[in-house]
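One structure is given here, and the rest of the page talks about it.
The values are calculated or read from the model by the stated rules, or taken from the named source; none is laboratory data. Every value quoted in this text rests on a predicted model; they were computed, and no experiment measured them. Note that each Cβ is placed from the backbone with ideal geometry, even for glycine, and that neighbours are counted across all protein chains shown.
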Amino acid sequence: MPDTIIKEKNKIRTLFKSIRSNLNSDFVEKKSAIIYRKFLRIVNLNKFDSICVYIDFNNEVSTKSIINYAIKNNIKVSIPYIIDEYKMKLKYIKDYDKDINRNTKFGNGEPFDYCKDSSIKEISMFIIPALAFDEYCNRLGFGKGYYDNILKLNKKALRIGLAYDYQILPNLPKNNNDEILDIIISENKVIKAD
């Protein structure tokens, strides 16, 4: 990857980490509720039998309502589980409050070890976080490639990004390793890939 793309990405990461860390809980709660309701209007969650959802942390758009809705409606829910600095796998959870370990190396919630591994190829929808998104359904994460690597193994699943409006830029620097999403949903926008 050319140095200029790496530098541009890192500059955006630094800025958006700072913005997100300074959001207040009222903003996160209100905007997340709007995004959740919009998500349910746009996506017929009941037609999916197995989804992968991130556990929000550090002021990301909350996913707890989506996860609880899915569990209540007998949709299998897989949560990312970090293996090492560049790899993750997915594990099923059956109860948001009991199956999520909040005391993890990176500070994000992930399933306890006792949760059963799930198959990446079995997932029919991924709900994916990012620091920033763009109008072409690109995303910019923390730069470890966790989600890009998982998405390469399952090209069939619907890929959705949840964002606050401020996270959506006109376009992001990208390279050949970056996977594109199908839909980005924010409080005031819905962006679909061409």
(request) Being out of contact with any Cys (no Cβ under 8 Å at 6 or more places or on another chain), closer than 18 Å to residue 42 by Cβ and not charged (D, E, K, R) is the filter; apply it to region 158-169 and report the residue that is surrounded by the fewest Cβ atoms within 10 Å (Cβ to Cβ). (result) 158
(request) State which residue pairs qualify: first residue closer than 15 Å to residue 133 by Cα and modelled with pLDDT of 95 or more and inside region 1-27, second residue surrounded by 10 or more Cβ atoms within 10 Å (Cβ to Cβ) and among the hydroxyl-bearing types (Ser, Thr, Tyr) in any location, beta carbons under 8 Å apart, and separation of 6 or more residues or different chains. (result) 19/166
(message) For region 34-72, give me the residue count where each residue is over 21 Å from residue 82 (Cα atoms) and either aromatic (Phe, Trp, Tyr) or surrounded by fewer than 22 Cβ atoms within 10 Å (Cβ to Cβ) (or both).
(response) 20
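Conditions tested, residue by residue: (1) in contact (Cβ under 8 Å) with a residue 40 or more places away in the chain; (2) out of contact with any Ser or Thr (no Cβ under 8 Å at 6 or more places or on another chain); (3) of a type in the set (A, V, I, L, M, F, W, C).
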residue: 92; (1), (2), (3): no, no, no
residue: 95; (1), (2), (3): no, yes, no
residue: 99; (1), (2), (3): no, yes, no
residue: 111; (1), (2), (3): no, yes, no
residue: 114; (1), (2), (3): no, yes, no
residue: 121; (1), (2), (3): no, yes, no
residue: 126; (1), (2), (3): yes, yes, yes
residue: 130; (1), (2), (3): no, yes, yes
residue: 146; (1), (2), (3): yes, yes, no
(request) Give the residue that is farthest from residue 51 (Cα to Cα), with candidates limited to residues of region 74-95 that are of a type in the set (A, V, I, L, M) and assigned to a strand (DSSP E or B). (result) 82
(request) Answer yes or no: is there a residue in region 114-130 that is aromatic (Phe, Trp, Tyr), touching an Asp or Glu at 6+ places or on another chain (Cβ under 8 Å) and within 28 Å of residue 165 (Cα to Cα). (result) no
(request) Within region 157-177, track down each residue that is at pLDDT 95 or above and over 12 Å from the mean Cα position of the chain (by Cα). (result) 157, 158, 164, 165, 166, 167, 168, 169, 170, 171, 172, 173
(request) For residues that are touching a residue at least 12 places away in the same chain (Cβ under 8 Å) and in a helix (DSSP H, G or I), tally how many sit in region 43-58. (result) 2
(message) Quick check on region 59-81: of everything there that is within 16 Å of the chain's Cα centre (by Cα) and touching a residue at least 40 places away in the same chain (Cβ under 8 Å), which residue is farthest from residue 148 (Cα to Cα)?
(response) 66
(request) Determine whether region 107-128 contains at least one residue that is acidic (Asp, Glu), under 15 Å from residue 56 (Cβ atoms) and surrounded by 13 or more Cβ atoms within 10 Å (Cβ to Cβ). (result) yes
(request) Name every residue in region 96-138 that is hydrophobic (A, V, I, L, M, F, W, C), outside any strand (DSSP E or B) and closer than 21 Å to residue 153 by Cα, in order of residue number. (result) 120, 123, 130, 137
(message) Quick check on residue 51: is it within 16 Å of the chain's Cα centre (by Cα) and not polar (S, T, N, Q)?
(response) yes
(message) Can you say whether residue 102 is surrounded by 19 or more Cβ atoms within 10 Å (Cβ to Cβ) and under 20 Å from residue 62 (Cα atoms), as far as the supplied structure shows?
(response) no
(request) Give the residues of region 147-185 that are in contact with a strand residue (DSSP E or B) (Cβ under 6 Å, 6 or more places away or on another chain) and in a loop (DSSP other than H, G, I, E, B), sorted by residue number. (result) 157, 163, 171, 172, 181, 182
